[in-house]
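The values are calculated or read from the model by the stated rules, or taken from the named source; none is laboratory data. Owing to the predicted nature of the structure, the values given are computational and were not obtained by experimental measurement. Every residue, glycine as well, gets a Cβ built from its backbone with ideal geometry; the counts of neighbours run over all protein chains shown. Note: areas computed on protein heavy atoms with side chains; ligands, DNA, RNA excluded. Shrake-Rupley method; radii C 1.70, N 1.55, O 1.52, S 1.80 Å.
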Amino acid sequence: MAVKVHTTKRGDPHELRNIFLQYASTEVDGEHYMTPEDFVQRYLGLYNDPNSNPKIVQLLAGVADQTKDGKCQGDFRADYYPSPHPF
């Protein structure tokens, strides 16, 4: 019995950047960033209720905040993300 292996196509860096820019609301020195709210509430669509605990949003966003500075940034090198959904 042959085993079928599925592979994932690498995301196009230009498409990844366009997706990221749709949700990034902050720009500092020409660099675009997603705030924790951008990432969790707008991109992931989680905790959109007005009564949501903002600390939960911060905690979840910390997973994507690689530098732990409160800003989610994108890295759009073709070898960085194996799928078309980088975040």
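Placing a pseudo-label 7 Å from each Cα along the Cα-to-Cβ vector at ARG42 and VAL63 gives an inter-label distance of 2.0 nm. Straight-line reach from LYS68: taking Cα to Cα under 22 Å and skipping same-chain neighbours fewer than 8 places apart, the lysines in range are LYS55.
Return the carbon/sulfur percentage of the accessible area of the chain, one whole number, probe 1.4 Å, all protein chains in place.
Result for the chain: 53 percent of the exposed heavy-atom area is carbon or sulfur.
Each of the peptides 9-19, 35-45 was scored by the mean count of other Cβ atoms within 10 Å over its residues; in descending order, highest first, they stand as 35-45, 9-19. Scanning residues 5 or more positions from THR26 or on other chains, those with amide H under 5 Å from its amide H are TYR33, THR35, with H placed 1.01 Å from N in the peptide plane.
Taking every DSSP helix (H) stretch of at least 4 residues in the chain, weighting each as -39,500 (n - 2.57) and dividing the sum by the residue count yields a mean residue ellipticity at 222 nm of -6500 deg cm²/dmol. Taking Cα atoms only, the orientation of helix 13-23 departs from the longest principal axis of the chain by about 30 degrees. Packing around the peptides 22-31, 59-68, 46-55, taken as the average count of other Cβ atoms within 10 Å per residue, puts them in this order, highest first: 59-68, 22-31, 46-55. Given R₀ = 30 Å, FRET efficiency for LYS9-ASP75 by Cβ-Cβ distance, to 0.05? Using R0 = 30 Å, I get an efficiency of 0.95.
The relative contact order of the chain comes to 40 percent, based on Cα pairs under 8 Å that sit 6 or more residues apart.
Hey, of (1) 20.8, 68; (2) 15.3, 57; (3) 12.4, 35, which did the structure itself give for Rg and Dmax of the Cα atoms in Å when calculated? This structure yields the entry labelled (2). Ligands, DNA and RNA are left out, and with a 1.4 angstrom probe the accessible area of the chain is 72 Å² per residue.
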